[in-house]
Amino acid sequence: MILRARFCHHFPGKPFGLEAQYKNLMDLLKQTAVQGESNSVLIVGPRGVGKTMLLKSVLSELMEMKYIKENLLQVHLNGLLQTDDKIALKEITRQLQLENVVGDKVFGSFAENLAFLLEALKKGNRSNSRPVLFILDEFDLFAHHKNQTLLYNLLDVAQSAQTPVAVVGLTCRLDVLELLEKRVKSRFSHRQIHLLNTFGFQQYVEMFQQQLALPKEFPDERFAQEWNRNIQSLCKEKMVEDILQKHFNSSKDFRSLHMVLMLTLSHVTVSNPNIQPTDLLAASKQYMMDSKANLLHGLSVLEFCLIIAMKHLNSIYEGEPFNFEMVYNEFQNFIQRTSHSMHKFKKSVVLKAFEHLQQLELVKPMDGASVRTQKEYQLVKLLLDKSQIMDALQKYPQCPTDVHLWAASSLE
């Protein structure tokens, strides 16, 4: 359960390789939580780099301090969910549990409403005001709100030190400051914590070992020691090293590593209490599985034939777009050559199958196609390559031999 919680970001340990950023954020939030100073900061980095994990691990450590746990209030907002300021304000009220205080009061502006909410948190005087931490995930999306009212008011409160407030924004956009209005930008502290995957492969292996290791305080000390020894020996296996190297080359972020580790952990059972190299190999194959190729396994023989016909057209016209009529003609030529083994389909049935491939997004209409163009003549493009089709064909159940031979001939 400890490892599952760790991989699902419910209980992250200290982030690997982010010690400087960890200390920076910890000091900043302590200033707000303990000393009552207002701050604002942006955590910037690509998706999966560990922004949320860094913030959660800092908050986890902060909440172990009794004074902070009793006083610090947290408000979590997400730009994907709180799409306008009205929704955001309702969510702030709900998370601060001030619905009864607000009641049916009518406010003239967003600023008055927010000021009233923060005022309601005070315990008498300013020195006893409870610090509030505002966490804005997908920070750049809040910049698209009308007049950026939410950002302006939060940063204005933080700058004017009316109430101890910390505003922490998480974003993957490096140009996020360019999205802010001048009045909003002037109230932002311009503190930024950048997260980048700059570590090498050896550090990646260490991170893999650290994430799988059980902590010292694990209830069964003997099992934890044996488990950790097994993980150490696992990291020295050539197969494991090759698998990790492959993942490191494709994507070395925390999120993808955690996903692979979660899939690996699912192979651990009572009869198989330790992770084997084959478990990691199976998890790696499952993680790197081609989703588009998997869709091909569920197609009918007719739909698969149309895919092969389109691939044949790609070879003939060197990747140029084509339309349904061209695909249908190619398919008809194949049917005529194999009339004894393949059932003949009406054109309307073939068109229906073609449209189903478009719905599955295996075939994409070309941009800028005229609305008036009949669907039979609309230009399209196939979103599959040769290797994906051949791999899927090998695994396709009870595929006619003629279709196999046709696919091989069209992919030479």
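The values are calculated or read from the model by the stated rules, or taken from the named source; none is laboratory data. Here the structure is a predicted model, which is why all the values come from computation and not from measurement. Neighbour counts run over all protein chains shown; Cβ positions are idealised from the backbone, glycine included.
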(Q) If a residue must be part of a helix (DSSP H, G or I) and either more than 27 Å from the chain's Cα centre (by Cα) or free of Cβ contacts under 8 Å to residues at least 12 places away in the same chain (or both), how many such residues does the range 346-366 contain? (A) 11
Q | Single unsatisfied condition, Gln332 versus (1) under 23 Å from Lys352 (Cα atoms); (2) touching a residue at least 24 places away in the same chain (Cβ under 8 Å) | A | (2)
Q | Flag for Met259 being farther than 22 Å from Val403 by Cα, among the hydrophobic types (A, V, I, L, M, F, W, C) and not in a helix (DSSP H, G or I) | A | no
Q) Are any residues in the range 211-229 surrounded by 15 or more Cβ atoms within 10 Å (Cβ to Cβ) and part of a helix (DSSP H, G or I), and if so, which ones? A) Gln211, Leu212, Ala224, Trp227, Asn228
Q: Return the residue satisfying two criteria in turn: it lies in the range 356-407 and is exposed (fewer than 14 other Cβ atoms within 10 Å of the Cβ), out of contact with any Leu (no Cβ under 8 Å at 6 or more places or on another chain) and under 19 Å from Leu302 (Cβ atoms), and of such residues it is modelled with the highest pLDDT.
A: Gln359
(Q) Among the residues that make up the range 166-174, is at least one of them assigned by TED's automatic domain parsing to the domain that holds Leu28 and without any contact (Cβ under 8 Å) to a residue 60 or more places away in the chain? (A) no
(Q) Exactly one condition in (1) in contact with a strand residue (DSSP E or B) (Cβ under 7 Å, 6 or more places away or on another chain); (2) touching a residue at least 60 places away in the same chain (Cβ under 8 Å); (3) under 22 Å from Met390 (Cβ atoms) is false for Phe322; which is it? (A) (2)
Q | Any hit, the range 227-239, residues being of a type outside the set (Gly, Ala, Ser), within 23 Å of the chain's Cα centre (by Cα), at negative phi and not assigned by TED's automatic domain parsing to the domain that holds Val168 | A | no
Q: Six or more apart or on different chains, Cβ under 7 Å: which pairs go from a residue in the range 132-144 that's of a type in the set (Gly, Ala, Ser) to one that's crowded, with 20+ Cβ neighbours inside 10 Å? Could you list them?
A: Ala143/Leu151; Ala143/Leu180
Q: Find the residue count for the range 262-302, including only residues that are at pLDDT 80 or above, closer than 30 Å to Phe354 by Cβ and not in a helix (DSSP H, G or I).
A: 2
Q: Go through the range 306-327 and give me each residue that's part of a helix (DSSP H, G or I) and more than 35 Å from the chain's Cα centre (by Cα).
A: Ala309, His312, Leu313, Ser315, Ile316, Phe324, Glu325, Met326, Val327
**Q.** Residues that are surrounded by 12 or more Cβ atoms within 10 Å (Cβ to Cβ) and either at pLDDT below 80 or part of a loop (DSSP other than H, G, I, E, B) (or both), drawn from the range 86-112
**A.** Leu96, Leu98, Val101, Val102, Phe107, Phe110, Ala111
Q) If you check Met289, Met310, which single one turns out to be free of Cβ contacts under 8 Å to residues at least 40 places away in the same chain and within 24 Å of Lys381 (Cα to Cα)? A) Met289
Q. Which residues, taken from the range 151-202, are closer than 25 Å to Arg255 by Cβ, out of contact with any strand residue (DSSP E or B) (no Cβ under 9 Å at 6 or more places or on another chain) and exposed (fewer than 15 other Cβ atoms within 10 Å of the Cβ)?
A. Asp175, Leu196, Thr198, Gly200, Phe201, Gln202
